[in-house]
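Nothing in this text is a laboratory measurement; each read-out follows from the coordinates by a stated rule. As the structure is a prediction and not an experimental result, all values here were calculated from the model. Because the Cβ atoms are built from the backbone with ideal geometry, glycine has one as well, and the counts that use them run over all protein chains shown.
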Amino acid sequence: MKTAFALSLVLSAMLVLIGCGDDGSEGGFEFLSADVARAESNATDAGPAATAGTQFGFDVLATMGEETANRAISPYSIQVALAMTRNGARGLTREEMDAVLQVESLEGADYDQSLNALDQLLLSRAGDYEIGDGETVTLELSTANSLWGQDGVAFEQPFLEDLARWYGAGMRLVDYDGDTEGARNSINGWVSDQTRERIPELIPAGVLSPATVLVLTNAIYLNAPWAFPFNEGDTKGAAFHLLDGSTVEVPLMHQSTRLPYARGDDFAAVELPYAGEKLAMLLIVPDQGRFEPMLTSMNAGALETIAHELASFEVTLDMPRFEFRTQVTLNDVLAELGMPTAFGAGADFSRITGEADLFISAVIHEAFISVDEEGTEAAAATAVVMDETSAGQSAELRIDRPFIFAIRDRESGGVLFLGAVTDPSQS
């Protein structure tokens, strides 16, 4: 058994759920899962987790800072990845994660049960719909969770049961120790497939190592046509005003139609429904000079207030096409939001495995979004990497005197070379 361990947790873009089955093989991998069926859900249970996720998402977005001009995240993707990790935490580590994930705001509702209901509700939005011009279109929306564990490691049964019951996640067994790159390629290939190749390499080279023990993956993918598409022939180049006062020319899409609209003291808002009108993109446009103050002050309650203020207007709308991706390391963001213990030697993730003291060493998130005349395509991924704690041990050694050396095989203990050095200057 390895002496060093790492656990990685990954989120990606929208895909189909992996169910739990009996031990066996899955896609060429040995497959391990708890003998627990995915819990049934009630759509009315989804609200608490949805609200908590919205607040958490605004907290993350505002705390990310201004490293890039465009910022995009999937609060749902990060929320699910950390929620799965939370099921392996105890003590202060779990308390801090609960606070950051807004679990305390659920007022008695079960967080995992509510997230399960939210996931099932999202999946129900996929399907064929007739849009404004009479055309039938397909809205794709899928999610999935899966675990990738080191073959031979003993994982705690209650942890496996929780992830099977609430997240439908079973475990593929891989060999990080003997074939790290093969394991990385397998996970990245799975993520790429689930995100329609929009997140082709979630885990960069060097993130996994022979010390890795587990990677938990969540994927979410959306391809949603507008209920009222834009006419591509109406798209024209026009000036777009940047925060520094300069302008750039971008293609602005144009349409005039009846849409939900609201005007506040320092912003305007419009909602663009997708096919089926169960999903929509809410656009909030702060007045000049109000973008950053509004971004930093936005929260779940403010968003809900704006949504309630929307009313039907005949709206003449011009908006840019856009496509970009964001990749950000969230360690500092999550620590600043209130869960620093998970990133240090005091972390307690003992519900995952009793064979190592784990802490989160990196949380990497990537999101892709593309908006054009026909609709929106979006994907997101998160990787939470966990390593074994060294419990604050440190040492210094100054080799300035004669010494002995042995070159040995670590597993068998066999010594290949043995010697003593009394004068390193002599050859």
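Quick notes on this one:
- Estimated from the Cβ-Cβ distance and a Förster radius of 35 angstrom, the FRET efficiency linking residue 130 and residue 282 is about 0.95.
- Put the Cα centre of the range 59-125 next to the Cα centre of the range 144-223 and the gap is 19 Å.
- Extension gain from residue 175 to residue 336, taking 0.36 nm per residue of separation minus the Cα-Cα distance: 54.5 nm
- Peptides 137-149, 38-50, 153-165, 284-296 ranked from most to least packed give 137-149, 153-165, 38-50, 284-296, packing being the mean of other C-beta atoms within 10 angstrom over each peptide's residues.
- The 3J(HN,Hα) values that the Karplus relation (6.51, -1.76, 1.60; θ = phi - 60°) gives for the range 356-371 are, in residue order, 7, 8, 9, 9, 7, 9, 7, 10, 10, 10, 9, 9, 10, 9, 9, 10 Hz. Gly and Pro appear as x.
- Extension gain from residue 310 to residue 39, taking 0.36 nm per residue of separation minus the Cα-Cα distance: 94.0 nm
- From phi via Karplus (6.51, -1.76, 1.60), per-residue ³J(HN,Hα) for the range 265-281 in Hz, x at Gly/Pro: 5, 9, 7, 10, 9, 9, 10, 10, x, 8, 3, x, 6, 9, 10, 7, 9
- Given +1 at the Cβ of Lys and Arg, -1 at the Cβ of Asp and Glu and no other charges, the dipole of the range 232-322 around its Cα centre is 160 debye to the nearest 20.
- Long-range amide H partners of residue 348 with built H, under 5 Å: 90, 93
- In this rough spin-label picture, where each label sits 7 Å from Cα along the Cβ direction, the residue 236-residue 63 distance is 4.5 nm.
- Close amide-amide hydrogen proximity is noted between residue 217 and 10, 146, 147, 148, each under 5 Å apart and 5 or more residues distant or on a separate chain (H modeled in the peptide plane; Pro and chain starts excluded).
- Stretchable slack from residue 107 to residue 256, in nm (0.36 nm times residue separation minus alpha-carbon distance): 49.4 nm
- Within the range 57-133, the trypsin sites (Lys or Arg not before Pro) that combine a DSSP coil assignment with at most 15 other C-beta atoms in a 10 angstrom radius are 90.
- HN-Hα J in Hz across the range 137-146 - Karplus 6.51, -1.76, 1.60, θ = phi - 60°, x for Gly and Pro: 10, 10, 9, 9, 8, 9, 9, 7, 10, 8
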